[in-house]
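Asker: This structure is in structure tokens; I'll ask about it shortly.
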Amino acid sequence: MSPVNDLSSPSPEKSPTGNAAKSPGFVAELKDAVTFRAFGLVLAGLFVQLAFIVSYVGAFHSPTPHEIPVAVVAPQQVSARIVDRLNSLDGDPVEATTAPSAATARQWVLSRRTDVAFLFDATGTKDTLVVASAGGPSVSQTATQIAQKIETAQKRQITVTDIRPPNSGDGRGMTSFYLVLGWVIGGYLTATIMGMAAGSRPASRQRTLIRLAALVLYAVVSGIAGAIVVGPVFDALGGHFWALSGIGALIVLASAATALALQTLLGLLGTGLVILIFVVLGNPSSGGVYPAPLLPPFWSAIGQALPPGAGTTLVRNTVYFSGHDTASALWVLGAYAAGGAVLAWAASLWREHRQPGGAADADPGTAPQPSPAT
């Protein structure tokens, strides 16, 4: 058969000039594949990865008690001496104050003014340690260990009374943390998905308001769904359905609005910042695994200023402590929700003014294309 008629052998591709096209070399392919932007994104991913490791290991590798609030009940002639002894322990593991009576001390524990109450037995050698493990089992256990060491040295006995343990379906009291974690992740993830669906940055003030309205609806549904899971489904945090629904809606909206604002303002960098705030810093400092008195100073200081920590405190104290000590958590979450919404709207307005001729009225990738030449 003539080679001219042999169609089974592929013919080399021709360039427009008629010559066979040469494939680019390896170096050219490498330069084309690994752009400066791609290299920068890889470095950013490495930074987030290392930050994640440092933050979680730094927070959890060696939990050490620091200024656990303790109420001391003892006769007047010995109470000051007991308080001074507790406050002079090496490393400042507790912060002791005198309570006027056992009933008052118990109320301080239930209102979250203190984590522990120490009741001194003036007529014998059997003292009582009052704890509320629903507020953080690790703190109660640590306080018990400290008290037992002191009592052993003083040749006294101590009885531990848990006046507010976790619900039977709540195991070690971690449900609040996992519930809030799901709400926070759902909030910023949904805001990110909405941005990815039509450009990483909202195009205009109107589009931003539409997305905020959608996020409000999503937050309400998420709050109710989460309350159903921990209530009727698993009976872990039962009896507070509507309170948890409202708290969940606020947490989701705080997370989502903040994510929308940062992504509107900074684009892809804003997404990285959201992960840094909510996951890298927010989760280990939230008090879900180890409450603030057991965390290193940095994580203890920032925990309640971030949505995961404020949300965990709000859920725990609502379910187990009749809503005591929740005002600051509500303010924090409200500030993230309202501040994020305002910042998102302002950022979209700023971007509109930067775009000449109203070019920001369309999302990236949706602008009209020029018609082909006739």
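The values are calculated or read from the model by the stated rules, or taken from the named source; none is laboratory data. This one's a predicted model, so the numbers in the text were calculated from it and none came from an experiment. In this analysis, Cβ positions are derived from the backbone assuming ideal geometry, glycine residues included, and neighbour counts consider all displayed protein chains.
Asker: Name the residues in the range 232-244 that are of a type outside the set (Val, Ile, Thr) and surrounded by fewer than 20 Cβ atoms within 10 Å (Cβ to Cβ), would you?
Answerer: Taking the range 232-244 as the starting set, the residues that turn out to be of a type outside the set (Val, Ile, Thr) are 232, 234-244.
If the condition is that a residue be of a type outside the set (Val, Ile, Thr) and surrounded by fewer than 20 Cβ atoms within 10 Å (Cβ to Cβ), then Pro232, Phe234, Asp235, Gly238, Gly239, His240, Phe241, Trp242, Ala243 are the ones that fit.
Here is a yes/no grid of residues against (1) of a type in the set (A, V, I, L, M, F, W, C); (2) modelled with pLDDT of 90 or more; (3) surrounded by 14 or more Cβ atoms within 10 Å (Cβ to Cβ):
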site	(1), (2), (3)
Ala71	yes, yes, yes
Glu95	no, yes, yes
Ala105	yes, yes, yes
Val109	yes, yes, yes
Thr144	no, yes, yes
Gln148	no, no, yes
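Asker: Being surrounded by 20 or more Cβ atoms within 10 Å (Cβ to Cβ), farther than 20 Å from Val319 by Cβ and among the polar types (S, T, N, Q): is that true of Ser255 here?
Answerer: Working: surrounded by 20 or more Cβ atoms within 10 Å (Cβ to Cβ): yes; farther than 20 Å from Val319 by Cβ: yes; among the polar types (S, T, N, Q): yes.
So Ser255 fits the description; yes.
Asker: While we're looking at this one, here's another question. Mind telling me which of the residues Val216, Val274, Val221, Val279 ends up being under 26 Å from Gly135 (Cα atoms) and either of a type in the set (Ser, Thr, Tyr) or in the same structural domain as Ala338 (by TED's automatic domain parsing) (or both)? Working first, answer last.
Answerer: On the way: Val216 fails: under 26 Å from Gly135 (Cα atoms); Val274 fails: under 26 Å from Gly135 (Cα atoms); Val221 fails: under 26 Å from Gly135 (Cα atoms).
Exactly one residue qualifies, and that residue is Val279.
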